[in-house]
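Inspection log for the structure reproduced underneath, given as structure tokens.
The values are calculated or read from the model by the stated rules, or taken from the named source; none is laboratory data. None of these values were measured; they are calculated from a predicted model. Quick reminder, even Gly has a Cβ in these numbers, built from the backbone with ideal geometry, and neighbours come from all protein chains shown.
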Amino acid sequence: MEAVREKLCYESAMRFSLMLLILGFAALAACPAQALDVDVKVSSQKVDFGLEYGPEYLLDNDPTTAWAVGKASSGAGQWMEFSFGLPVNVVKLGIYNGHQGEGLFDQFRRIRSGRIIYPDGTETRFWLRDEPGEQIVACPIQPVKSLRIVVDEVFPKSVPVARKKLAVSEVKFYLTLMNSQTDGAAIDAHNADISGLPPADLTSEVPEEIKDLLRTFYVRQTSLDDDYYLLFAHHVRDKFDFQFEVFKEIQRQRGTFKRLRTARVDPAGLRFDLIYLDRDLAEVRVFGSYNVKVENLDKNFEDDSVFVLMKGGEGWRILELDEQD
């Protein structure tokens, strides 16, 4: 496990934001600090003769360098841990996913989803898109001196482990400093819903008809609705209907069929990213969570799936499902 002490230097826009927030606290010093000592530890480090992939590259303000994992792993379960010299409020994170050096993005795996874990055990779930550039993850406001970013799923999944390692080019912290007089006034995030909403790609908007169809998919699938099969394209309908009937029979044998039929499903926590869209063919990533209430159960279920859809005489219908949990 590698540990490196680095300086976290703010960009001009971040300095300005920090100054505005500090000026709101009369108890703090008149001159705000512009750099903060940060310790960074990682779960593993790739060793490659002539190339460097150490954890220090997570904080060097250069997205063309990167930390890469070193274990024989897809990257799931790997982590980065940051410890600050002072208590801070991390308002949001900026993550540069994958290796963003020239021509290197497709040579390494990228984070698909993960968790930010705080010292008190609370977590913030987040999802990233498979694209270069900075992606913002909003964080609950609470004073911390450390946090850990854990990788849950990666892009791509089907490549052999030995051929591609997970990489992260940069992590930026958008934060405010804390002191003893402001610690107690921090917003209580422990009883709040702190799951991070997936980022929305506003430049590639998924058509509302497709969103409605996919929301209905989660409702009908969970509640074992008899009209589930109608969500699929005509020539694949029999295949998915057969699979669904098998699934329903399993629930009957388990004694859960009648209960699931009464389930109330709220898909409002799901988000949609458009991967591909032609006139009558689309590929959409659905990720986030949907809520299920049935009897004494009230639970959010997370999902991250890719749907292929086609448009015909009945409108948009599902053609294929990939990585459906």
Flag for residue 283 being under 29 Å from residue 115 (Cβ atoms) and charged (D, E, K, R): yes
Subset of the range 287-325 (residues that are small (Gly, Ala, Ser) and either in contact with a strand residue (DSSP E or B) (Cβ under 6 Å, 6 or more places away or on another chain) or not in a strand (DSSP E or B) (or both)): 288, 289, 305, 313
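Looking at 76, 66, 72 in this structure, which one is modelled with pLDDT of 95 or more and on the phi < 0 side of the Ramachandran plot?
Values: 76 fails: modelled with pLDDT of 95 or more; 72 fails: modelled with pLDDT of 95 or more.
Step by step, each of 76, 66, 72 is checked, and only 66 is modelled with pLDDT of 95 or more and on the phi < 0 side of the Ramachandran plot.
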Sole residue being more than 27 Å from residue 303 (Cα to Cα), in a loop (DSSP other than H, G, I, E, B) and more than 18 Å from the chain's Cα centre (by Cα), chosen from 85, 101: 101
Test set (1) at pLDDT 95 or above; (2) crowded, with 17+ Cβ neighbours inside 10 Å - residue 246 fails condition number: (2)
Enumeration of residues in the range 261-311 that are more than 20 Å from the chain's Cα centre (by Cα), crowded, with 16+ Cβ neighbours inside 10 Å and not charged (D, E, K, R): 263, 265, 277, 282, 292, 294, 308, 309, 310
Breaking point among (1) crowded, with 19+ Cβ neighbours inside 10 Å; (2) touching a Cys at 6+ places or on another chain (Cβ under 7 Å); (3) of a type in the set (Lys, Arg), for residue 92: (1)
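Taking the range 104-114 only, how many residues are part of a loop (DSSP other than H, G, I, E, B) and aromatic (Phe, Trp, Tyr)?
Going through the range 104-114 one residue at a time, the tally reaches 1.
A quick yes/no check of all residues on (1) in contact with a strand residue (DSSP E or B) (Cβ under 8 Å, 6 or more places away or on another chain); (2) outside any strand (DSSP E or B); (3) at pLDDT below 95; (4) over 25 Å from residue 83 (Cα atoms):
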{"residue": "116", "(1), (2), (3), (4)": "yes, no, no, no"}
{"residue": "120", "(1), (2), (3), (4)": "no, yes, yes, no"}
{"residue": "124", "(1), (2), (3), (4)": "yes, no, yes, no"}
{"residue": "129", "(1), (2), (3), (4)": "yes, yes, yes, yes"}
{"residue": "135", "(1), (2), (3), (4)": "yes, no, yes, no"}
{"residue": "145", "(1), (2), (3), (4)": "yes, no, yes, no"}
{"residue": "150", "(1), (2), (3), (4)": "yes, no, no, no"}
{"residue": "153", "(1), (2), (3), (4)": "yes, no, yes, no"}
Those residues of the range 216-269 which are in contact with a Phe, Trp or Tyr (Cβ under 9 Å, 6 or more places away or on another chain), touching a residue at least 40 places away in the same chain (Cβ under 8 Å) and over 22 Å from residue 313 (Cβ atoms), in sequence order: 218, 219, 222, 265, 267, 269
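Condition check ((1) within 12 Å of the chain's Cα centre (by Cα); (2) at pLDDT below 95) across all residues:
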| residue | (1), (2) |
| --- | --- |
| 92 | no, yes |
| 97 | yes, no |
| 110 | yes, no |
| 113 | yes, yes |
Candidate set: the range 269-286, residues that are touching a strand residue (DSSP E or B) at 6+ places or on another chain (Cβ under 7 Å) and among the charged types (D, E, K, R); chosen: the one farthest from residue 233 (Cα to Cα): 271
